[in-house]
1. Can you classify the chain as rounded, prolate or oblate using the Cα gyration tensor, where a ≥ b ≥ c are the square roots of its eigenvalues, rounded means a/c under 1.5, and otherwise it's prolate if a/b beats b/c and oblate if not?
2. With each pseudo-label sitting 7 Å past Cα toward Cβ, what's the Phe167-Ser143 distance in nm, one decimal?
3. Give the long-range amide H neighbours of Phe133: residues separated by 5 or more places, or on another chain, with amide H under 5 Å away, using H modelled in the peptide plane at 1.01 Å from N.
4. Could you run the Karplus curve 6.51 cos²θ - 1.76 cosθ + 1.60 with θ = phi - 60° over region 164-180 and give me ³J(HN,Hα) per residue in whole Hz, x for Gly and Pro?
5. ³J(HN,Hα) across region 123-130 via Karplus (A = 6.51, B = -1.76, C = 1.60, θ = phi - 60°), whole Hz, x for Gly/Pro?
6. Which whole-Hz ³J(HN,Hα) couplings does region 182-192 yield from phi under the Karplus relation 6.51 cos²θ - 1.76 cosθ + 1.60, θ = phi - 60°, glycine and proline marked x?
7. Grab the other residues whose beta carbon is less than 12 angstrom from that of Pro141, score K and R as +1, D and E as -1, and report the net.
8. Ignoring everything except DSSP H segments at least 4 long, calculate the 222 nm mean residue ellipticity for the chain; use -39,500 (n - 2.57) per segment, divide by total residues, nearest 500.
Amino acid sequence: MSFKADADDSKETGTLADWLQHATHATILTGAGMSTESDIPDFRSKEGWWNRVDPRTVATPEALQNHYDLFHEFYAMRIKRIKSCTPHTGYNILADWEKNGLIQAISTQNVDGFHTRAGNEHVYELHGSLHQFRCAHCARPSSEKQFLNKENCQHCGGHLRPGVVLFGETLPEDSWKASLAHIRRSDLVIVIGTSLKVYPASELPNMTEGKTVYINAEVDHPNTRFDLVIKGKAGEVLQQVNA
Ligand code: BV8
Ligand code: ZN
C-alpha cells in the first residue's frame, strides 16, 4: 500500500512522525534535493547541473585525464559556491533526531559535507567529499587552497582532484559497507531528495525489510517501491514531521 500526499497534508507527515517514534533503528538516505533549499543546485532537475553541463565532460576519469581545465573549472566553481551556502533548518532537524536517538545514521550521496556541518555524527559519504583533495596520479593528499590555485602535486607534479566519486569509479568501501549494515538492520529507511538514478546508491532502499519513506519535490509516477511517499520540499516536510 502506498500513500501519496503534499507537504501540507499533515496526515502523511503525522504517519512518518509516528513511525519515527516507534522505530528501533532508522537510517536516512539523502541526495542533492536535500541541499537545493540551501541554494546548491541538484543534478537532474530543470535547474540541475546535468542540464547545463554534460557529466561525461566533467565528472568522469576521462574528463580528469583529457580535459583537466574543464574538470577543474567545474569543481572549483562548486567548491566556491558551497562556501557561500549554509545548511538549512531541515539539516538541523536531522541533527536533532540523531542526538535524540530517533535516527541512527545518514548515508548521503552529497559531497557538500552539510550533514556533518549541521551536527550529525554518523554520516556516510557514498560519493566522497568536496572538502578533501588528492593527487590524481600518486594519491597523496593535498589542500583545497592548492586545488583552487590549480597547483600541481608537490611530490610528482600530477593534477590535483577533489575526493569525490566520478562516474565509473567505485564507492569508498567503508561508507558503502556501513550504509549497507545500517540499512539492513533498519526498521525504517527515509529517502530524501534523490532521483535514485545513480547506481549503486539507488539500490539501498531495496535492501531493507523495514518501512520505507520517500520525500521528494517531484513524484511523477506511482511509487510502489515505498510504503509512504511525501511530495514536498525536504526542509518543509521535515519541519512538519517535527511539528
Ligand atoms: C559504480 C560526481 C562500480 C561527484 C556523481 C552506463 C555507463 C557507465 C556507467 C553506468 C552505466 N549504467 C550504470 C552505470 C553506473 C553509474 C550510474 O549509475 N550511472 C547512471 C547515471 C546511469 N554509477 C557509477 O558509475 C558509480 N560507480 O557503479 O562503480 C562500477 C565501476 C566501473 C564499471 C561498472 C561499475 C559511481 C556513481 C557516482 C557518480 N558521481 N557525481 C560530484 O560531482 O558530485 S553522480 C551525481 O548523482 C551526484 O554525485 C549525486 O550524488 C548523484 C545522485 O544524484 P541525486 O542526489 O539523486 O540528485 P538528482 O539531481 O538526480 O535528484 C535530486 C532529486 O531531488 C530530484 O528528484 C528533485 O526533484 C529532488 N529535489 C530537488 N529539490 C528538492 C528535492 N526534493 C525534496 N526537496 C527539495 N528541496
Ligand atoms: Zn602526486
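1. On the way: a/c = 2.02, a/b = 1.87, b/c = 1.08.
Prolate shape, in that a/c is at least 1.5 and a/b is the bigger ratio.
2. 3.4
3. When sequence neighbours closer than 5 places are left aside, the close amide H contacts are Ser142, Gly163.
4. 9, 8, 7, 4, x, 8, 8, 6, x, 4, 5, 5, 5, 5, 5, 4, 4
5. 10, 10, 8, 5, 10, x, 8, 7
6. Coupling constants for region 182-192: 5, 5, 5, 9, 7, 9, 8, 10, 10, 9, 10 Hz.
7. Details: positive: Arg134, Arg140, Arg161; negative: Glu144.
So the surrounding residues net to +2.
8. Roughly -9500 deg cm²/dmol at 222 nm, from the helical runs in the chain.
Bear in mind these aren't lab numbers, they're just calculated from the coordinates by the rules spelled out. No experiment lies behind these values; they were computed from the predicted model shown. All Cβ positions, even for glycine, are placed from backbone atoms using ideal geometry, and neighbour counts span all protein chains on display.
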